[in-house]
Amino acid sequence: MRSAPRLKKGNHVVARQVRHASGVCVRGDGNTVQPGKKLCNECRIRDSDRQKHEYVNLKHLVIDGYGGCCKCCGETISTFLTVDHIHNDGAKERNQANYSLLNLYRRIILEDFPPEYRLLCFNCNCGRAKNGGICPHTEETK
């Protein structure tokens, strides 16, 4: 295990830069990193696990905030439920910098579940996309 040079306390930015240049984890645990990476495998796994838990928790908050079921067919199994962009502008949003589902869920919660989104199951969402904005379930009921 390589040790990073000691720096004055409080200068975290410089310390991280020095650790990165020295080939050790920027978090300061002294573990070596793979070339081109800033974090050791232990920190990367910990971050990945944290993000998975955060994703699941935020998704459930969004599902609950939008009523817990598909607005078209009534599906309630959370694995099937997705956020639908009512105005079909999801591609535009996905092309923005810093887009991720985590950030989308965070923003939806912060904006108190804005009406330009709704909950659809994956089948209704895809059916709507392939059918000119109209879910095939809707056509069946006519």
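The values are calculated or read from the model by the stated rules, or taken from the named source; none is laboratory data. Predicted, not measured: the structure shown is a model, and the values here were computed from it. All Cβ positions, even for glycine, are placed from backbone atoms using ideal geometry, and neighbour counts span all protein chains on display.
Numbers below:
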read-out	value
GLN17 touching a helix residue (DSSP H, G or I) at 6+ places or on another chain (Cβ under 9 Å), part of a helix (DSSP H, G or I) and either outside the structural domain of GLU111 (by TED's automatic domain parsing) or loosely packed, with under 15 Cβ neighbours inside 10 Å (or both)	no
Top-ranked residue of region 21-67 - restricted to ones that are among the β-branched types (Val, Ile, Thr) and closer than 30 Å to CYS121 by Cα, ranked as surrounded by the fewest Cβ atoms within 10 Å (Cβ to Cβ)	VAL56
When residues of region 85-94 are limited to those that are part of a loop (DSSP other than H, G, I, E, B) and not hydrophobic (A, V, I, L, M, F, W, C), the one modelled with the lowest pLDDT	ASP89
Residue among ILE86, ILE109, ILE134 that alone is in the same structural domain as GLY68 (by TED's automatic domain parsing) and within 15 Å of GLY67 (Cα to Cα)	ILE109
Pairs where the first residue, in region 29-52, is within 21 Å of LEU102 (Cβ to Cβ) and at pLDDT below 85 and the second is surrounded by 14 or more Cβ atoms within 10 Å (Cβ to Cβ) and of a type in the set (S, T, N, Q), C-beta under 8 Å, 6+ apart	CYS43/ASN31
